[in-house]
Amino acid sequence: EDGIRDVAVTGVQTCALPIFEARNPALIKETLTPTRALDLGCGPGALMHLLWELGVDVEGIDFAESSRRLATPEVRDRITVGSVTDATLKPANHYDLVICREVIEHLTVFEVKQAVANMVRMTSRLIYVTTRFHPNPSDLLDFNQKDDLDPTHITLLNKDLLRLMFVLEGCRSRPDLEARMDWGNKGRVLVLEKLPPRP
């Protein structure tokens, strides 16, 4: 009723998993069919736990030390504390799906470029991104540094520019998968497919 589902944690703690996530894990599993996934910017691992319940081998990276402490025991040891831009944390092509939700808008443009390269490096197949985009860009390179909804949102990119960043790193856009993943019709979803290296 209050939008959370409690999960018992060893000892006296309880970890609350948001009910609004309930549709997302099933949609990720059915549409993107991951076997080994990485949640980049995972927070305390709510999505990780729900994917784990669905049988996905999932790991996460988050900058906050508290992420591991607040996570459920099932996924706690699967969270690495680090930056989404750190290219040394995980090996290349290690995951068939890299997830990065509601992270890009908290980064500078340079950090976005680094994070994009890192996502492409770590996946062997798909990347699923959600973020807030510039509502009215005047051109491809236009970005907004102010979001009245959240003062920590410092970079709202033109959606086409973020898509182009992934394309330049060796991906192609998958609008068919984007349409399926954007169940709320908010226009905030990108799904990219990593292309095989040219011979």
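The values are calculated or read from the model by the stated rules, or taken from the named source; none is laboratory data. What you are looking at is a predicted structure, and each value in this text was computed from that prediction instead of being measured. Positions of Cβ are generated from backbone atoms using ideal geometry, with glycine treated the same way; all protein chains shown enter the neighbour counts. When the accessible area is computed, the model is the full protein with side chains, heavy atoms only, and any ligands, DNA or RNA have been set aside. Shrake-Rupley method; radii C 1.70, N 1.55, O 1.52, S 1.80 Å.
For the reader, a short list of remarks on this structure follows.
- Tabulated pairs, segment 181-199, first in a loop (DSSP other than H, G, I, E, B), second modelled with pLDDT under 90, C-beta under 7 angstrom, 6+ apart or interchain: Trp183/Arg23; Arg188/Arg132; Arg188/Phe133
- Matching option when the condition is farther than 17 Å from Leu126 by Cα and either in contact with a Cys (Cβ under 8 Å, 6 or more places away or on another chain) or aliphatic (A, V, I, L, M) (or both), among Leu40, Leu50: Leu50
- Every pair of residues 6+ apart whose Cβ atoms lie under 7 Å, when the first sits in segment 58-84 and is farther than 20 Å from His94 by Cβ while the second is open to solvent by less than 30 Å² (accessible area, probe 1.4 Å) and in a loop (DSSP other than H, G, I, E, B): Ala71/Gly45; Thr72/Val9; Thr72/Gly45; Pro73/Val9
- Residue check, Phe133 modelled with pLDDT under 90 and in contact with a Gly (Cβ under 8 Å, 6 or more places away or on another chain): yes
- Note on segment 143-180: among residues that are at pLDDT below 75 and not in a loop (DSSP other than H, G, I, E, B), the one that is farthest from Val120 (Cα to Cα) is Asn144.
- Within segment 125-142, not a single residue is part of a helix (DSSP H, G or I) and either open to solvent by 50 Å² or more (accessible area, probe 1.4 Å) or closer than 19 Å to Leu168 by Cβ (or both).
- Residue list for segment 108-119, restricted to those being surrounded by fewer than 22 Cβ atoms within 10 Å (Cβ to Cβ) and of a type outside the set (Lys, Arg): Thr108, Val109, Phe110, Glu111, Gln114, Ala117
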